[in-house]
Each structure stands twice: as structure tokens, then as C-alpha cells.
Amino acid sequence: MDIYNVEAAEILAHETLNLPIGEAAPIYEKLLATFPTAAKYWKQYVESYIVTNDEETAKQIFSRCLLTCPHINLWRCYINFIKKVNSKRGSEGLEETKKAFDFMLNYVGNDVASGPVWMEYIAFLKSMPVMTPQEESHRMTTIRKVYQKAILVPTSHVEQLWKDYDNFENSVSRTLAKGLLSEYQPKFNSAKAVYRERKKYIDDIDWSMLAIPSTGSYKEEQQCLAWKRLLTFEKGNPQRIDATAANRRITFTYEQCLMYLYHHPDVWYDYAMWHAKNGSTDSAIKIFQRAVKALPGSEVLKYAFAELEESVGAIQPAKTIYESLIAENASMSSLAHIQFIRFLRRTEGIEAARKYFLEVRKLPSCTYHVYVAYATMSFCLDKDAKVAQNVFEVGLKRFMQEPGYVLEYADFLCRLNDDRNVRALFERALSLLPPEESIEVWKRFSQFEQIYGDLSSMLKVEQRRKEALSRTSEDVVSSLENTLYDVVSRYNYMDLWPCSSKELDYLSRQEWLAKNMFKKADKSVMLTSGGGATLDKGSVGVGANAKLLPQSAKVVRPETSRMVIYDPRQMKGPVVSATSSGYTKEVDEIFKMLSPPLTSFITNLPAIEGPSPDIDIVLSVLLQSTLPTGHDVGKPSAPVPGPATSDLLGPRNQNGSVRRPPKRKAVERQEEEDAAVAAQSRAMPDIFRLRQIQRSRGTGPAQSGSAAMSSGSMFSGEQSANSSS
């Protein structure tokens with residue numbers, strides 16, 4: 001069962017509205033456990049308790065969701081609840097409501113839809129009773145400060161707030177208003193301009209989307225890009241406000257983004273790193289703590305968290321994170337062991353790392369990667385080649401049949417320039433490995449001899465490799481023969497090749513054909529020239545240089561196992577209606593120029609997945625071609641020259657652009673010609689019947705010419721002398 005099924009969640013939430021709160025509460029808890037940032041579900045949940053006047057439970061729900069769901073509708077529900085609760089508490093209740101407004105605007109006051117909340121707060125302040133002139137003066141000062149904050153926020157109501165502020169200042173003191181309004185006019189203009197720019201990014205965001213794990217869908221990718229564009233816009237500080245206010249706005253945008261991209265680790269990481277970059281390491285750590293709690297299965301977030309802790313000198317918290325990684329993946333934790341060994345080497349020294357390695361190597365789940373990592377660390381960091389070689393030797397007893405381990409050990413010995421032990425290692429390993437698992441080892445052995453050996457040893461190893469691997473081939477004789485491709489594999493160096501790309505393709509093809517000549521031919525692979533499949537370079541000794549092949553030599557073969565038989569009935573063709581075709585305007589115009597039968601024919605064609613032709617070029621060729629008419633039937637047809645390549649796009653203007661044919665006149669003229677041709681075709685006799693009549697009358701070869709003339713005149717609607725007789 002998919003717990004992140006959005007449609008099922010929406011249906012369940014809608015059905016829960018009609019249930020009593022006792023039955024609805026467990027359903028809401030289950031929904032919110034899956035979608036903890038779904039503000040609409042939190043709002044629906046808390047409103048169920050507000051309706052039943054269960055104020056304590058409503059407060060508990062608000063305390064769980066407000067700080068993680070900076071959604072304006074949820075917060076307005078909260079402020080309405082606070083006003084309702086404090087409506088009968090007199091001056092004390094008014095003060096509590098004022099604190100709630102301040103708390104709300106501190107969190108969501110930067111929302112683009114927060115304009116009505118600012119206006120509601122100002123109206124609330126104006127309605128507060130005052131008893132003394134001092135209280136009146138304090139109230140006016142408070143209202144002025146709220147106005148001055150509100151007009152700096154780029155919201156949809158910023159212009160209305162500015163008009164109200166203008167009226168407010170002029171109602172208090174015209175002299176003071178002139179100076180204050182002139183001071184805040186540029187700031188208001190900046191907020192208004194930023195709102196217009198901000199709205200372009202906000203309009204691309206789907207505010208009804210639920211946070212689910214990444215599916216890779218197109219819509220999801222577009223939403224991720226939309227949020228990242230908005231974040232980039234806010235980080236640019238287009239309003240040029242002070243750093244504190246700008247950071248508060250960016251933080252708010254990140255928090256809103258996480259409501260919808262809650263399961264995307266890259267967003268959490270970017271948020272934490274933004275805090276760290278701005279010098280707020282404590283905030284970054286808090287974000288990482290929230291991230292690993294939201295995504296407990298994300299190992300990469302935990303490594304990033306441990307890295308941050310270690311970078312600021314918090315060794316013990318970082319160690320705790322590494323230990324949790326190992327504990328959570330006890331059966332598959334080789335990577336965690338390796339990273340922890342490196343961490344201990346960096347923070348506690350060589351002895352701590354060695355001690356932990358000795359403990360890990362006893363575990364049944366320990367893989368050869370741990371041995372390789374510790375040996376490499378000893379060699380590269382501790383500069384102790386003896387310890388490294390001892391570790392490799394101990395591991396060889398356990399992982400001799402692991403080709404990857406053998407190759408790593410061989411690389412280490414090559415770095416020591418110990419060619420004698422390298423040869424001994426290869427011989428030991430190849431004597432134990434089965435042929436199908438020894439391909440990479442033989443390949444590396446051949447490469448080793450090319451560098452460290454002479455011509456005799458190089459050819460000898462190559463021949464032994466062929467003999468060993470021939471056991472996996474059906475044609476033993478062919479696999480033992482030397483080919484020119486073997487010479488190429490021996491004499492290439494890095495991205496340098498002893499032949500051209502074309503020759504390499506040819507030799508690869510011939511090598512592959514030789515290996516498969518006795519197998520049943522596979523039509524999907526045995527392609528014709530120009531599309532032939534090349535030999536896999538990894539199977540014939542080219543080896544590590546395969547990534548450096550010339551570009552033309554990298555021929556990609558299709559995956560024939562996934563091919564299906566094409567059946568047009570499986571796909572519906574494009575549906576074109578008279579009112580809305582679903583095509584672009586250019587295609588709609590072309591359909592209008594076509595006759596109804598041709599339009600019907602095109603719309604009934606099956607859909608084709610693959611490259612599509614340029615419609616303009618195809619139609620230009622068809623329109624410029626001379627098609628045979630009724631008058632030309634029976635006459636020898638002269639070859640019709642096709643349009644030149646330069647004329648495929650039609651006539652051009654003086655500036656070189658394509659000149660489109662006039663629309664209405666051309667359409668009317670085309671309709672007249674179509675009508676004339678249709679009338680002509682209705683008068684045409686059946687040629688097959690004419691020939692049958694001629695044969696029944698015994699028309700000979702000498703009369704065939706007159707019969708042809710007769711049919712030609714009848715096509716034109718005229719009676720010839722021959723037919724009348």
C-alpha cells in the first residue's frame with residue numbers, strides 16, 4: 001500500500017469532515033503522520049476542535065504545527081481562534097490578542113499574501129480603547145510603526161496599505177506627514193516593484209501540493225525549479241533591505257519550501273549550508289537535526305551533518321552521528337566503518353583507527369573494502385608500507401577469490417615497484433579464480449606485462465589469457481587465434497591508438513563477428529553496414545583505456561530484450577476537433593488550409609513515437625509539386641522535377657526570411673480549384689469498364705490508339721468521333 005497516495009489522502013480528508021471528532025481524530029493523526037507539513041489538514045483538524053469549543057486541544061494542535069507550517073491560511077485560523085478566546089477577557093484579552101498578532105507577523109509577515117493580516121492588525125490597534133492622552137499617543141506611535149513595517153513588505157495589498165498610511169499621517173499632522181511620507185515613498189516604490197517581480201516566481205508554485213518522496217515526475221521537477229528560482233531571487237536581496245531583514249525573508253522562504261519539498265535532502269542541505277555560510281552555525285546544526293529526523297534513511301545527510309560538526313570542532317557530536325550510522329546499518333555498513341576509521345584517524349590518531357579496524361575485521365559483514373581502505377590509509381597517511389602490505393596479505397587469505405581485492409593489492413604492489421610479487425599475486429589468484437570471474441584479472445595481468453615485462457613475457461601472458469578464457473567460448477579454435485585487434489589492444493596508450501577511428505570500428509566489428517560466427521544469427525544484432533554493433537572493448541583486452549576510446553568507436557547497441565512489436569492499434573492518433581485541436585497555432589493554420597477529407601485522413605493516422613519530419617518542409621514540397629490531374633490520365637507523364645534544397649522552405653523576402661503565402665485569398669482560390677477537380681472527377685468514366693467493352697467488341701491492336709484518344713476525350717467531358725461511331 002502506498003501511504004503517499006495523494007488522491008487517496010484527499011478523499012480520506014474530505015470524508016473525515018462528516019465524521020464526529022472522536023472518529024475523525026485518529027484519521028487526522030494518521031494523515032498528518034504521513035504529511036506532517038500539510039497545512040490544510042492541520043487547519044481542518046484544528047477547526048474540528050474549535051467547532052466543539054475544545055480550546056485546550058486546539059491550542060495543543062496549534063503548538064504542533066504553526067512553526068513548521070508557515071502557511072497564511074493556517075495562521076489566520078490561529079489569530080481568529082485567539083480573538084475568539086480573548087473576546088470576553090477585557091483589556092487583558094486585548095493585550096493577549098495584540099501579542100498573538102505580533103507573534104504571527106514575526107513568522108509570516110513576509111508572505112506575499114500577508115497584506116490582509118497587516119490591515120487586520122492595524123484595524124485592531126485602532127479599535128483598542130484608550131483612557132488618557134498618553135495612551136492615545138502610544139497607540140498612534142504603535143500604529144505608525146506597524147504601517148511603516150507593512151509598506152516595506154512586497155505584498156498584493158502594498159498599494160492599499162500605502163494609501164491608508166498616507167491618510168493616517170495626514171489625519172494626525174500634515175506637517176509631520178510631509179516629512180515622513182517623503183522619507184518612505186522610495187521604500188514603498190521599491191516594495192511595489194519587488195512585488196511585481198516576486199509574483200512572477202510565486203505564480204509558478206503549486207500551493208496545494210502535498211509533500212511526498214521524490215518520484216522524478218515532470219511536475220515535481222518543475223516545482224523544484226520554481227522554488228529554487230524563488231530562493232535565488234530572495235537571496236539576491238532585490239529590495240536592498242538590511243541584512244537582518246533580508247535573512248529573515250530568506251529563512252521564511254526556505255521554511256515555506258520545505259512544506260512542499262519536505263522529502264528532498266538537497267533542499268535541507270542547501271538550507272543548512274546557507275545558515276553556515278552566513279555565520280550561523282548553530283542554526284545550521286538545528287536544520288540538520290530536523291533534516292535527519294524528517295529523512296532518517298538519508299545517509300548522505302548524516303555524513304554532511306557529521307562533517308559540519310567536525311569542521312566546527314564538535315568532535316563528540318560528530319562521533320555520535322557516525323556511531324548511529326553504523327548501528328542503523330549493522331548488516332551493510334562497510335562504508336560507515338571505512339568513514340569512521342578515517343574520522344578516528346583525523347581526530348584521535350593512528351592507534352584509535354588501528355584499534356577500531358582490528359574490531360571490525362572480525363565481523364562477518366566486513367567486506368574487502370575495509371581492508372583496502374585501511375591499508376591505503378596506512379600507506380598514504382602514515383607512510384608505513386610494511387603495515388599496508390601486512391594488511392593486504394591478511395585480507396588475501398579471506399578474499400583471494402574477490403577479483404576487486406586482487407586488483408587493488410596488485411595496484412599497491414605496483415606502486416612499490418615490486419614486480420616479482422605482482423606476478424606471484426596474479427599467478428596465485430588465477431589458479432583459484434574460475435574463468436568467468438578472471439577476465440578482469442587477466443586483462444590487468446596483460447597490461448602489467450606491457451609495462452613491466454619484455455615482448456616474450458607479454459606475448460606469453462596474452463596467449464595464456466586466450467587459452468584460459470577460451471573455455472567460456474563455444475568456438476575454441478577461433479578464440480585461440482591471434483588477430484589484428486589484439487595488436488591494437490597491446491599498442492594503444494592512454495588515448496593514443498595505432499589506427500584510425502574507422503579502422504578501430506572495423507576491427508571491433510570483425511572481432512565480434514569472429515567470436516559469434518557459429519552462434520544463431522540474431523537479426524536485431526547482426527545489423528547491416530553503417531549500423532553494426534561493435535565489440536565490447538572490455539572483453540578483448542583494451543581494458544582501462546575503454547573510457548578513452550575515440551568517440552566514433554563508442555557504438556551503442558540497442559537493448560533488444562526490451563523491444564516490442566509495433567502495433568498502431570496500441571496508440572491513439574491525435575484528436576483534432578473543430579473548436580480546439582490541441583496543436584500549435586501554426587499547425588491549426590495549416591489544417592484550416594486543407595480540404596476536409598485530407599484533414600480527416602491526417603487525424604486518423606496512428607501516433608508515432610520517434611523523430612518527426614519538419615511539417616513546413618513537407619507541406620512546401622507537396623504544394624510545389626505538380627500532381628497529375630484528370631487531363632493527364634492516359635498521357636505519358638514527364639518527370640516532375642522536385643524543388644531544390646534552397647526552395648524547400650518556400651519563397652523568401654528580401655531580407656532572407658521565409659515569405660508566407662497570403663491566407664484568405666489563397667484558401668479561397670484553393671477551395672475553387674478543389675471544387676473544379678471534384679466536379680471533373682465525377683464526370684470521369686470507369687477506365688476498367690471501358691477496356692472490358694473494347695475487348696468484348698473485339699477491338700484490335702490497331703484500334704488501341706483510337707480507344708486511348710476516346711478515353712482521353714471522355715476524361716475531358718467531350719464526345720469524340722470514335723466513341724460516337
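Quick look at the numbers
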| quantity | calculated |
| --- | --- |
| Members of Lys99/Lys293; Lys126/Lys187; Lys163/Lys192; Lys30/Lys59; Lys30/Lys293 lying beyond 22 Å, as alpha-carbon distances in this model show | Lys99/Lys293; Lys126/Lys187 |
| Region 22-41 versus region 222-290: alpha-carbon centroid distance in Å | 27 |
| FRET efficiency, Met332 to Glu23 (Cβ-Cβ, R0 41 Å, nearest 0.05) | 0.45 |
| Solvent-accessible surface ranking, highest first, for Trp207, Trp162 at 1.4 angstrom | Trp207, Trp162 |
| Linear extension gain, Asn417 paired with Lys59, 0.36 nm per residue minus alpha-carbon span | 121.6 nm |
| Ordering of 387-394, 152-159 by packing [mean C-beta count within 10 Å, highest first] | 152-159, 387-394 |
| Heavy-atom accessible area per residue - region 120-204, 1.4 Å, Å² | 56 |
| Extended-chain gain in nm, criterion 0.36 nm per residue less alpha-carbon gap, Thr626 and Met209 | 144.5 nm |
| At 1.002 mPa s and 20 °C, Stokes D of region 332-427 from Kirkwood alpha-carbon radius, µm² per second | 158 |
| Cα→Cβ-extended label distance, 7 Å offset, between Thr141 and Ser500, nm | 9.0 |
| Highest-first arrangement of 347-360, 253-266, 73-86, where packing means the average Cβ count within 10 Å | 253-266, 73-86, 347-360 |
| Heavy atoms of Lys228: accessible area, 1.4 Å probe, square angstrom to 10 | 90 |
| Region 326-467 - percent of accessible surface contributed by carbon and sulfur, probe 1.4 Å | 53 |
| 5 Å binning of all Cα-Cα separations within region 29-127, expressed as whole percents from 0 upward | 2, 13, 24, 24, 20, 12, 4, 1, 0 |
| Percent carbon-and-sulfur accessible area, region 57-203, ignoring ligands, DNA and RNA, probe 1.4 Å | 53 |
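The values are calculated or read from the model by the stated rules, or taken from the named source; none is laboratory data. In this text, all values refer to a predicted model and were calculated from it rather than measured experimentally. No Cβ is skipped: glycine too gets one built from the backbone with ideal geometry, and neighbour counts run over all protein chains shown. Protein only, heavy atoms only, side chains kept; ligands, DNA and RNA dropped before computing areas. Shrake-Rupley method; radii C 1.70, N 1.55, O 1.52, S 1.80 Å.
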